[in-house]
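Just so it is clear, none of the values below were taken in a lab; they were calculated from the coordinates. Since this is a predicted model, take the numbers as computed values, not measurements. In this analysis, Cβ positions are derived from the backbone assuming ideal geometry, glycine residues included, and neighbour counts consider all displayed protein chains.
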Amino acid sequence: MLKSTVPNLQSLKQSTKHGRVRRLRPSLMAKTAPLKRAIPDPPPPSITAASIVRPVYVGLTASLRKPHESAECQLVALDPTVFHHPIRRDILHLCINHYRDSLRQGSANTKTRGEVRGSGRKIRPQKGSGRARLGDAQSPMLRGGGVAFGPKPRDFSTKLPRKVIQMGMRVALSSKVLEQNLGVMKTMDWPNGKTKYLSQKISSLGLRNTLFITGEDEVPTMLQRAIRNIPLVGVTTSREVNIHELLKWPRVMLDAKAVDFFEQSLGKTYACVDDIPVQEAVSRL
């Protein structure tokens, strides 16, 4: 058997001159080395492949400029990390509140008793009248006086992390795909500024109540002139669109450049089964 390294209790006591017993400090006691437990080796790392996601296919819509173009049997492959994101209603709630807070003017203003016009003379003596004590005529208790704790101009805008806003854009686009209310067309060019012909073309395609989003830096001039007088139709760019507009409009129509912009700014790098460019991802059934 192993001998214990802990000293005997009797040896820890020392006698003094007056017969008292003094105990040694614990620091003088012999310390025993703790026993080391054998730590098992970690398991070897498992070889895992990159996650494979399948692209989202959306039917290609005929362009506005080509009335005889048929796109019923054509599909477009979209990035699933952008257009097939899990639906997060809490993220949409945060983004919508963030957008609507930024729209508030915050210009409501009331006057306090120090800002109301009038004299600061005391209305009546403090004592002797038998009535309640009053100060000046600008008291909030009196008619025409100031407002106690009234609103003042302030900024109602709130802050939201950039990644949360990006996730909100993915969720908004994915919700439109899930509802089958998102379409893609090759281009949104329009040759003239006549509203009549564009209105007829939109009606023939069944694109009323639709927001058109182009990937250009600015909306084409002719398209802007022709579409601005058509009711229940809107147009904007991919850089200016926000989550509130995506959710407000019943249907959203993108062009090829807008799809490329969203995939480059919001997409994530994953291995796809069919990695097809957007402009060339038109396949016959």
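Quick notes on this structure:
- Interchain or long-range residues, amide H under 5 Å from Val184's placed H: Thr61, Leu254
- Which listed pairs, of Lys163/Lys248; Lys196/Lys248; Lys176/Lys257, have C-alpha distances above 24 Å, in listed order: Lys196/Lys248
- Order by protection proxy (mean Cβ within 10 Å, highest first), peptides 225-231, 241-247, 115-121: 241-247, 225-231, 115-121
- 12 Å beta-carbon shell around Thr214, net charge (K/R +1, D/E -1): -4
- Chain lengthening between Arg133 and Leu103 when straightened (0.36 nm per residue, less Cα-Cα): 6.3 nm
- P(r) weight above 27 Å for region 126-266, C-alpha pairs, percent: 44 percent
- With an a/c value of 1.5 or above and a/b not larger than b/c for the gyration tensor axes a ≥ b ≥ c computed over the alpha-carbon atoms, region 177-242 is described as oblate.
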